[in-house]
Amino acid sequence: MHAVRRRNYARHDSIGAVHEPPARAVPVIPHLCAALYPWTKALHIIAVIAWMAGLLYLPRLFVYHCETAPGTEASERFKIMERRLYKQIMTPAMIATFLFGAMLAMTPGLVDWHAGWFYVKLVAVLGMGGIQGAMGKWRRNFLNDRNTRPQRFFRIMNEVPTVLMFIAVVMVVVQPF
């Protein structure tokens, strides 16, 4: 009988030292996301609250800013308030929302990638990012005393983040499809 030869998968280098093949790598990021899940979820919720506060308040500032004449002390005060809200609260909160949201999406077992709710929620969140970009443009128009939009426009735009937030929350909580 012939002896069964086992294949030796170890490699030898030029001086004859044996090197075992590396162990199969475990994906680090999904396991890290799973381990940090409670913290990630808490920080995501905090970031969303801060971002939504800004998305709901900035158009209200625009409504009041429309009532002031360009160059007045009140107009200059609104410019400062709008800049601080946009740059110091809204933008960092939006970045944190996307970062922690991406970490949640990478958490194993949290998202059923075949379900439609996640993609509807994603579109709503991207819509909120788009509305923030539009608010940045409107803020620059006020900053340069070039706003041509009436109060009514900003009152209507004030409702857009609310509708998008409603869609995003319902998709996550109810997961209707």
**Prompt:** Where residues in region 9-63 are modelled with pLDDT of 85 or more and β-branched (V, I, T), which of them is farthest from M94 (Cα to Cα)?
**Reply:** V63
**Message:** I'd like to check something: does region 94-103 contain any residue that is crowded, with 17+ Cβ neighbours inside 10 Å, at pLDDT 95 or above, closer than 20 Å to V160 by Cβ and among the hydroxyl-bearing types (S, T, Y)?
**Reply:** yes
**Asked** Any idea how many residues of region 64-74 are surrounded by fewer than 17 Cβ atoms within 10 Å (Cβ to Cβ) and either touching a residue at least 12 places away in the same chain (Cβ under 8 Å) or not β-branched (V, I, T) (or both)?
**Response** 7
**Prompt:** Do you know which of the residues in region 112-142 that are closer than 17 Å to I167 by Cβ and touching a Phe, Trp or Tyr at 6+ places or on another chain (Cβ under 7 Å) is surrounded by the most Cβ atoms within 10 Å (Cβ to Cβ)?
**Reply:** W117
**Request:** Report yes if some residue within region 147-159 is buried (at least 18 other Cβ atoms within 10 Å of the Cβ), aliphatic (A, V, I, L, M) and under 15 Å from the mean Cα position of the chain (by Cα); otherwise report no.
**Result:** no
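The values are calculated or read from the model by the stated rules, or taken from the named source; none is laboratory data. Just so it is clear, the structure is predicted and the values come from calculations on it, not from any experiment. Virtual Cβ from ideal backbone geometry, glycine too; neighbours counted across all protein chains shown.
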